[in-house]
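Heads up: the structure comes next, in structure tokens.
Derivation of every value follows stated rules applied to the coordinates shown; laboratory data play no part. This one's a predicted model, so the numbers in the text were calculated from it and none came from an experiment. No Cβ is skipped: glycine too gets one built from the backbone with ideal geometry, and neighbour counts run over all protein chains shown.
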Amino acid sequence: MMRSLFSGVSGLKVHQTKMDVIGNNIANVNTVAYKSMSVTFSEVFYQTTQSASGANATTQRGGTNAKQIGLGSNVGAISTSITSEGASQRTDNAFDLKIGGEAFFIVQSNGEQLFTRAGNFTLDEAGNLVTSSGAYVMGWQVDSDGVIQKDSVTPLQPRSAEFAYTAPEATSAYTVSGNINKQDTNFLNGNPIPMTVRFYDSLGYEYTANLSVTQDADDANKYTVDLSSVYCNNKLTNLSVSQSPIATIVFDPVTGAPTVTGSTVDADSNFIFSFAEGGFTTASQADMGLTDEEWAEVTQIDTGSSLITQLANGIAVDYSQLTLLADETKLDGSFGSIDGLGTGKAVGTLSGISISNDGCIVGSYTNGDVATLGQIAVATFSNANGLEKEGDNYYKATLNSGLFDGVGYDITSTGGTISSGVLEMSNVDLSTEFTEMITTQRGFQANSRIITVSDTLIEELVNLKR
């Protein structure tokens, strides 16, 4: 009689445990990347009142089965549906990430490396990429050349001082384009046509050189280019012209093709814009005091066509795009050569951060630069179900899950991807949970009925003495 009582008690306990798990699942139906849990029951040991026996030829009796009385139920396992991926929730926040596949983000909290599927990350005051509870998101850093170094994972700092700026570059080429109408009223009245050339120095300062194009009084196909002033940040500089004109352009009267003469580059001299000397000049290698190697760098641009004048700071002005047609006079210029090289750039300030499908953190800068700031690494486990929950959406590696090697993997090497602006939702299925709740409730009621009936039988036994 007492065995049924304790069997009923064990049944109540396991169903209570199952109800606790169901309640936790439902409570976390909207928790980011929550993985639902389930309970399975197992039998408890049995009391054997008679062992099994085999057939006996001597007594000519057949075998008998064992007689055993069960002593209730127990919780066999509480499993987590960790490999079942939750649905996607779009947030459009660049730091909200979702892993496609079975990998885990690597995070560090209080010096301990943990793992999570919840990718609702943010940046802290120091520029670290962190989880909602402040754990560092781990990954690989870049070297001085911007190449990812896939060694031991460390905290990622996409907004650290190291990545706040990108270096400027001096302009090394400039292209002048447009058209000159030799019958333009300005020329007929003896007035020059203004032209503006812009360029950067090696510190990222932008200069505006105001030039003027003047028609030769005796030859309508010949024009000179002179410098009137140079501004930096809308302030007049003391850069002056040490030789004028800075270029002479002669157009073929039949084809209209331009040729630069006068200050053209030859083997012994170079057309120079020198910040140190304060203006434009023509100088030889000896005048500049340059070694053969330095002089080779200065004169490396091909000027064989006599259409380019080269500047000592690396600026080569190309006039080959000018035309002499019976159209509106309009002069324009653009950074860089015809093929777009040598534009130069100002100092770049970090203006935006994005995360690609392979976990690379990419920074965009105000000067047009794009740089890799690091890469998010992921971890995989041979038995992900063996991970131990730590709370706050974190998991800890155990001996049964497999240990973390400290390096991790590129998400693409595991066959997965990282989606930015998306979060993984909970994989709790409410219809399943409510069905399990019904069966758990009925199971609990049935086990309580065992106790009630057993109590009635004990009461009848006690009443025998009356």
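How large is the helix-only mean residue ellipticity at 222 nm for the chain, computed as the sum of -39500 (n - 2.57) over DSSP H runs with n ≥ 4, divided by its residue count, in deg cm²/dmol to the nearest 500?
Numbers: 5 runs with 75 residues, N = 466.
Rounded to the nearest 500, it is -5500 deg cm²/dmol.
When only the Cβ of Lys, Arg, Asp and Glu is charged (+1, +1, -1, -1), the dipole of the chain relative to its Cα centre reaches about 4140 debye. Between Arg449 and Thr58, the simple label model (points 7 Å from Cα in the Cβ direction) yields a spacing of 5.0 nm. Which distance in nm do the two modelled labels at Ser160 and Asp184 give, with both placed 7 Å along the Cα-to-Cβ direction? Reported label-point gap for Ser160 and Asp184 is 5.4 nm.
Restricting to Cα atoms and excluding each atom paired with itself, what does the Kirkwood estimate give for the chain in Å? Intermediate results must be reported in sequence, preceding the final value.
Working: mean 1/r = 0.0334 Å⁻¹.
About 30.0 Å, per the Kirkwood formula over Cα pairs.
Dividing the alpha-carbon Rg of segment 87-157 by 2.2 N^0.38 Å yields what?
Details: Rg = 12.8 Å, N = 71, 2.2 N^0.38 = 11.1 Å.
Rg over 2.2 N^0.38 Å, computed on Cα atoms: 1.15.
Charged neighbours of Cys232, selected by a Cβ distance under 13 Å, balance to 0 (K, R count +1; D, E count -1).
Taking amide H as placed 1.01 Å from N in the peptide plane, the amide H of Leu71 sits under 5 Å from that of Val44, Gln47, each at least 5 places away or on another chain.
Residues Ser132, Ser4, Ser382 in ascending order of nearby Cβ atoms (within 10 Å, fewest first): Ser382, Ser132, Ser4. Taking 19 Å as the cut-off, the amide N atoms of segment 208-226 that come nearer than this to a point 7 Å along the Cα-to-beta-carbon line of Asn234 belong to 208-210.
Please report the antiparallel percentage of the DSSP beta bridges confined to the chain, to the nearest 5.
Details: 100 of 108 bridges.
If we restrict to bridges inside the chain, about 95 percent are antiparallel.
Centre-to-centre, using Cα atoms only, segment 165-235 and segment 346-362 are separated by 36 Å. In summary, the convex hull built on the alpha carbon positions of segment 87-128 has an orientation-averaged projected area of 3.8 nm².
Two numbers describe the Cα atoms of segment 30-85: Rg and Dmax, which are 21.9, 71 Å. In order along segment 69-80, the phi-based Karplus estimate (6.51 cos²θ - 1.76 cosθ + 1.60, θ = phi - 60°) of 3J(HN,Hα) comes to 10, x, 10, x, 10, 9, 6, x, 7, 10, 9, 10 Hz; Gly and Pro are listed as x. Met37 sits among other residues whose Cβ lies under 15 Å from its own Cβ, and their net charge, with Lys and Arg +1 and Asp and Glu -1, is -2. Derived scalar couplings between HN and Hα for segment 15-28 equal 6, 5, 4, 5, 5, 4, 5, 4, x, 5, 4, 5, 4, 9 Hz in order, rounded to whole Hz, by the Karplus curve 6.51 cos²θ - 1.76 cosθ + 1.60 (θ = phi - 60°), x for Gly and Pro.
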